[in-house]
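Below you'll find the structure, written out as structure tokens, and then a few comments.
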């Protein structure tokens, strides 16, 4: 996204550079397009957790990265009228932040991906009347109404507890759903077996106590959602007696007729429809641009 006449780019890193400053809201693949080893357009502003992932996953030059502490305002090197930016916790994956830009002639909020909580409610009320808001609209449809994260986590814990005699597979991300993973690990006293790449991500986030590369130490398995549809159902065609698959996702509301015997839980780290409406009602932006 280009902000400030193209001088600032948020979650956009390709097309040969050309901006004075770059911002990364969080380290999910749909927000890091164009970032790769050797990228050098910078400076790149992000949270400390995201900075660690940039070093671990991309080997990005640490001299390009500017770590932002949520709540602290930073002056931007635009070479013109003063502009500042402040990071705001986004209640999404580890390290996810929003960005609030203040230019001499307007204020701009870029939410990135987020799930509404009380801190974000307070921020939205304080920023009421912002000139432009770039807003995550992943579930902007009335049919998407989710339980709270706490309620969704309890549903997963109940399912895991009922099937601990099996191998229990959880659909997780390399970065994200960590609240859920931590709750499972703390409740059942064992880590989750994950891929080498996911283990590296958890190490970079300082959460390597939640995962393991030794499958013999646990019956809990964590793989990306695509694995269960591309590979798992072919390898374990008669899985229901010995393997339990739990898929926590906001898209669970579209999976009523899944034929594979998987358990779906409506868990999302994005706003549902009601929360998005509430957020916009508090923010009252003059202009909304969906992202």
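Computed from the coordinates by the stated procedures, all read-outs in this text should not be read as laboratory data. Computed from a predicted structure; not experimentally measured. Heads up, the Cβs are rebuilt from the backbone with ideal geometry, glycines too, and the neighbour counts pull from every protein chain shown.
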Alpha carbon convex hull of the range 140-262, volume per residue in cubic angstrom: 121
The range 27-137: C-alpha gyration tensor shape, a/c 1.5 cut-off, then a/b vs b/c: oblate
DSSP-defined beta bridges in the chain - what % are antiparallel, rounded to 5: 35
Footprinting exposure proxy for 30, 117 (fewest neighbouring C-beta atoms within 10 Å first): 30, 117
Crossing angle, helix 273-283 versus the chain [Cα axis fit, 0-90 degrees, rounded to tens]: 20
At q = 0.14, 0.15, 0.20, 0.21 Å⁻¹, base-10 log of I(q)/I(0) for the range 145-209 (Debye sum, equal scatterers on each alpha carbon): -0.43, -0.49, -0.84, -0.92
Calculated [θ] (222 nm, deg cm²/dmol) that DSSP helices of n ≥ 4 give over the chain, each run adding -39,500 (n - 2.57): -6000 deg cm²/dmol
From the coordinates shown, volume of the Cα convex hull per residue in Å³ corresponds to which of [x] 193; [y] 135; [z] 161: [y]
The range 149-265 - percent relative contact order, Cα under 8 Å, separation 6 or more: 34
Sequence of 68, 207, 164, 98 once ranked by neighbouring C-beta atoms within 10 Å, starting from the fewest: 164, 207, 68, 98
Angle between the chain longest axis and helix 149-162 axis [Cα atoms, degrees, rounded to 10]: 20
Cα-based helix-to-principal-axis angle, 178-188 vs the chain, degrees rounded to 10: 30
For the range 27-77, projected area of the alpha-carbon convex hull averaged over all directions, nm²: 3.8
Exposure proxy ranking, count of Cβ atoms within 10 Å, fewest first, for 168, 130: 130, 168
Virtual spin-label span in nm between residue 82 and residue 119, 7 Å along Cα→Cβ: 2.7
